[in-house]
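The values are calculated or read from the model by the stated rules, or taken from the named source; none is laboratory data. Just so we're clear, the structure is a prediction, and the values are computed from it rather than from any experiment. We place every Cβ from the backbone using ideal geometry, glycine too, and count neighbours over all the protein chains shown. Ligands, DNA and RNA are stripped out before the accessible areas are found, and what is left, the full protein with its side chains, is counted by its heavy atoms. Shrake-Rupley method; radii C 1.70, N 1.55, O 1.52, S 1.80 Å.
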Amino acid sequence: MPIISPDSGYLTVLNLFRADEPEKQDLLLGAMRQIVNNAGYDGWVSSTVHAGQDKIGTANFIQWKAQENLEARYASDEFRHQIPLFTELTTMIQLLQTEVVYTERHPSQGEHTEIGPHRDDFTVIEIFGAEPENLDEMVDGLGKGFEWLVDVPGYRSHSVLRGKAIRGKFA
């Protein structure tokens, strides 16, 4: 399962998919789980699949050792073969390449921020856009500015990832 840390140096990819019917979400989850369960790609570190709760869709949190490994995956015949299925099932696809820049945990959660289906956490993903000249200030505000969350009942952790690149089909 992914360990979220600014010190890892991994490229973190959030693959976000929106669908317009619950049945399509189920098909997306099945296809994504099959890919994750058979992942043996050079440079692939970990993946975890999440089902949307408030909106119909899915998210896949993937870690790669390096950008070159991800680009090799994108160039593969297998990846290109999977694109039509995902395009057919979705109304929106965003492949967000990011880097982890900040993590905070409740002291009871140990020394690592980890996500995955073996935990009973509720994962929330929020995407904020910013002009490049404002990105550092926004990242600082979303990270260090939220240290007060440690005192909120039920809080486990939060992480801030800085966007590096995006690909996708947008609705």
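Among the numbered conditions (1) in contact with a Gly (Cβ under 9 Å, 6 or more places away or on another chain); (2) open to solvent by less than 50 Å² (accessible area, probe 1.4 Å); (3) modelled with pLDDT of 90 or more, the only one that PRO2 does not meet is (3).
Kindly indicate the residue of the stretch 126-171 that is of a type in the set (Lys, Arg) and modelled with pLDDT of 85 or more and also nearest to SER108 (Cα to Cα) among those meeting that condition. So the residue we want is ARG156. Candidates are the residues of the stretch 113-171 that are within 17 Å of the chain's Cα centre (by Cα) and among the polar types (S, T, N, Q); the one that is least open to solvent (accessible area, probe 1.4 Å) is THR113.
Can you name the residue in the stretch 30-50 that is at pLDDT below 90 and small (Gly, Ala, Ser) and, of all such residues, is surrounded by the fewest Cβ atoms within 10 Å (Cβ to Cβ)? By that ranking, first place goes to GLY40. Is it the case, given these coordinates, that ASN69 is more than 26 Å from ASP26 (Cβ to Cβ) and surrounded by 13 or more Cβ atoms within 10 Å (Cβ to Cβ)? For ASN69, the condition - more than 26 Å from ASP26 (Cβ to Cβ) and surrounded by 13 or more Cβ atoms within 10 Å (Cβ to Cβ) - is met. Selection over the stretch 97-112 of residues that are open to solvent by less than 70 Å² (accessible area, probe 1.4 Å) and either without any contact (Cβ under 8 Å) to a residue 12 or more places away in the chain or out of contact with any Gly (no Cβ under 6 Å at 6 or more places or on another chain) (or both) gives a count of 10. Condition check: modelled with pLDDT under 90, more than 14 Å from the chain's Cα centre (by Cα) and not in a helix (DSSP H, G or I). Does ASP54 satisfy that? Yes: the conditions hold for ASP54. In this structure, ILE35 qualifies as touching a residue at least 24 places away in the same chain (Cβ under 8 Å) and of a type in the set (Val, Ile, Thr). Selection over the stretch 38-59 of residues that are free of Cβ contacts under 8 Å to residues at least 24 places away in the same chain and among the charged types (D, E, K, R) gives a count of 1. For the stretch 85-111, a residue qualifies if it is part of a strand (DSSP E or B) and on the phi > 0 side of the Ramachandran plot, but none of them does.
The set of residues in the stretch 49-75 being of a type in the set (A, V, I, L, M) and touching a strand residue (DSSP E or B) at 6+ places or on another chain (Cβ under 9 Å) consists of VAL49, ALA51, ILE56, ALA59, ILE62, ALA66, LEU70.
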